[in-house]
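Student: Below: one structure in structure tokens.
The values are calculated or read from the model by the stated rules, or taken from the named source; none is laboratory data. Everything numeric here is computed off the predicted structure, so don't read it as measured data. When we count neighbours, we look across all protein chains shown, and the Cβ atoms used for this are built from the backbone with ideal geometry, even at glycine.
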Amino acid sequence: MLNNIALALVTVNIIGVIVLWKRDKSLLYAMFAMSLVILFGITTFKDLTPEWKDIQREYVRLLSEKTTDPVKMEKLNRYPIKIRQAWNHELGVTDRCQTCHLGIDNPQMKDAPQPYTFHPVAHVLEDGRIVHDFNTIGCTICHEGQGRATTKDDAHARGIRHWETPMYPSGKKGMAQASCAKCHEELTKPEGYEILAGADMIMDARDFTLGQNDLEIQCTSCHSIYGVGEVVAPDLSGFGESTEHEFEATHIMNFVEGKKDKYNWAFQHFLDPQKITPEDEKLGIEETIMPNFEMSEEMAHKLTTLVYSMKESSVPVKFRYRPEIKKREAKRGRIQREIAGLYTAEEYGKLAEGEKLFLAYPCWVCHSIKGKGGKLAPDLTKVGKRRDREWMIKHFKDPPSVTKKSFMPKFNLSDEQIEELIAYLATLQ
């Protein structure tokens, strides 16, 4: 409201200049003087009555209701109303979030509403070490946002067009776990089965990428993640590095529903890759080869959070924390024993070793046989007639050497496995 009053005064003065400049300059100067007085009053009023002062007074009231100790009550009565700031030059943090979020390290405020509530990751270990000391590390290192701000909208920065790191969403669609890997380096290992308390969402997504999904496909079969995997699809290692503006400038956003931003592109791409990246001659793009995993929205959100976490950490080594962790037991799912219904579980045991390899890798995601399977790569129904043994050997060892535009990854098959596959494919006539 005060901003609107200030804008109205500026408008009135502009009109005054147009109307009174040649008619009555004395009246015009009086208008200027009155406007300055009003603007000074508005500035003073805003400075004396900011929102954060009311929030701090309400915090004192809520805390006093939970306190019966006379000594503590006396301290509360003298509770200083002031800006609170966490500053750490090594982390590049200057955060005033605690100015409003006063209860983040006070267990008494567990049941209090925001912004007064206790933060669940703030606790003291048995050896006395403080986990997530917000007075040292601040808040934006995990939550992002504009740490120096002292109003909700400015601090969260979601509506500030040119602020590159708005605060991550909270609640069911929370994404703060995308920042865990800044300090917890064990989360960056694509091959790891490790548990980190509080990072369940990231770990569930990690399991999915390691093949614990209905298609039993590892993401590194096509993507490279921290140097592990293939180069058929984009390297995901730096996905979290790009800002909103950089991402929108390098991705086709035409097919994204709702707000056309980085999150929605990634989220909707996980749900339906072909919808977000279809073949479009006008835009000069080809349809994505990524299979549709038909995952839930919950899993799509977890995977989006995971790829947001894929960025180079700028956190100094002294702040990186490697807790004692236990190995997560690999949850091996069933081997996919059919190509879209071609085989039954009973028939699987009778299959030749080469056919089992075809299913296990799984080649059927891209290739089809007798109309069953993927449509991204050539139909193999009669491949035994079209290709000889020498061609197949070269193709399995280095697909692009015989098919220049092949996007088939190198599976690093042994000579024995190649022979088994060739024996099976030779029967497809």
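Student: List the number of the failed condition for D200; all other conditions in (1) in contact (Cβ under 8 Å) with a residue 60 or more places away in the chain; (2) outside the structural domain of V93 (by TED's automatic domain parsing) hold.
Tutor: (1)
Student: Still on this structure, please answer the following. Go through the stretch 199-233 residue by residue and tally those that are more than 23 Å from E297 (Cβ to Cβ) and either surrounded by fewer than 16 Cβ atoms within 10 Å (Cβ to Cβ) or in contact with a strand residue (DSSP E or B) (Cβ under 6 Å, 6 or more places away or on another chain) (or both).
Tutor: 5
Student: For the stretch 19-28, enumerate the residues that are assigned to a helix (DSSP H, G or I) and modelled with pLDDT under 85.
Tutor: Let us first name the residues in the stretch 19-28 that are assigned to a helix (DSSP H, G or I), namely 19-20, 25-28.
Residues satisfying the conditions are V19, L20, K25, S26, L28.
Student: Residues in the stretch 70-86: is at least one in a strand (DSSP E or B), under 31 Å from the mean Cα position of the chain (by Cα) and in the same structural domain as R148 (by TED's automatic domain parsing)?
Tutor: yes
Student: Please work out which residue is surrounded by the most Cβ atoms within 10 Å (Cβ to Cβ), limiting yourself to the stretch 36-66 and to residues that are in contact (Cβ under 8 Å) with a residue 12 or more places away in the chain and among the hydroxyl-bearing types (S, T, Y).
Tutor: Among residues in the stretch 36-66 that are in contact (Cβ under 8 Å) with a residue 12 or more places away in the chain and among the hydroxyl-bearing types (S, T, Y), the one surrounded by the most Cβ atoms within 10 Å (Cβ to Cβ) is Y59.
Student: Does A33 count as loosely packed, with under 12 Cβ neighbours inside 10 Å, aliphatic (A, V, I, L, M) and part of a helix (DSSP H, G or I)?
Tutor: It is true that A33 is loosely packed, with under 12 Cβ neighbours inside 10 Å, aliphatic (A, V, I, L, M) and part of a helix (DSSP H, G or I).
Student: Is it fair to say E144 is out of contact with any Phe, Trp or Tyr (no Cβ under 6 Å at 6 or more places or on another chain) and either surrounded by fewer than 11 Cβ atoms within 10 Å (Cβ to Cβ) or acidic (D, E) (or both)?
Tutor: When the stated conditions are applied, E144 does not pass them.
One line per residue, one yes/no per condition, for (1) at pLDDT below 90; (2) within 23 Å of the chain's Cα centre (by Cα); (3) exposed (fewer than 12 other Cβ atoms within 10 Å of the Cβ):
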{"site": "I285", "(1), (2), (3)": "yes, no, no"}
{"site": "E294", "(1), (2), (3)": "no, yes, yes"}
{"site": "A300", "(1), (2), (3)": "no, yes, no"}
{"site": "L303", "(1), (2), (3)": "no, yes, no"}
{"site": "V307", "(1), (2), (3)": "no, yes, no"}
{"site": "S314", "(1), (2), (3)": "yes, yes, yes"}
{"site": "A330", "(1), (2), (3)": "yes, no, yes"}
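Student: Need a quick list: helices (runs of 4 or more DSSP H) entirely within the stretch 196-308 having at least 1 residues that are basic (K, R).
Tutor: Where helices (runs of 4 or more DSSP H) fall fully within the stretch 196-308 and carry at least 1 residues being basic (K, R), they are 200-209, 262-271, 273-276, 297-308.
Student: Which ones in the stretch 379-402 are surrounded by fewer than 15 Cβ atoms within 10 Å (Cβ to Cβ) and either aromatic (F, W, Y) or in a loop (DSSP other than H, G, I, E, B) (or both)?
Tutor: Selection gives K382, D388, W391, D398.
Student: In this structure, does M175 turn out to be under 15 Å from L303 (Cα atoms) and either without any contact (Cβ under 8 Å) to a residue 24 or more places away in the chain or not acidic (D, E) (or both)? Lay out the reasoning, then the answer.
Tutor: Values: under 15 Å from L303 (Cα atoms): yes; either without any contact (Cβ under 8 Å) to a residue 24 or more places away in the chain or not acidic (D, E) (or both): yes.
When the stated conditions are applied, M175 passes them.
Student: Same structure again: Could you grab me the full set of residues in the stretch 367-376 that are modelled with pLDDT of 80 or more and in a loop (DSSP other than H, G, I, E, B)?
Tutor: The answer is H367, and nothing else.
Student: Suppose the filter is over 30 Å from D398 (Cα atoms), of a type outside the set (S, T, Y), surrounded by fewer than 17 Cβ atoms within 10 Å (Cβ to Cβ) and in contact with a Lys or Arg (Cβ under 9 Å, 6 or more places away or on another chain); does E164 pass it?
Tutor: no
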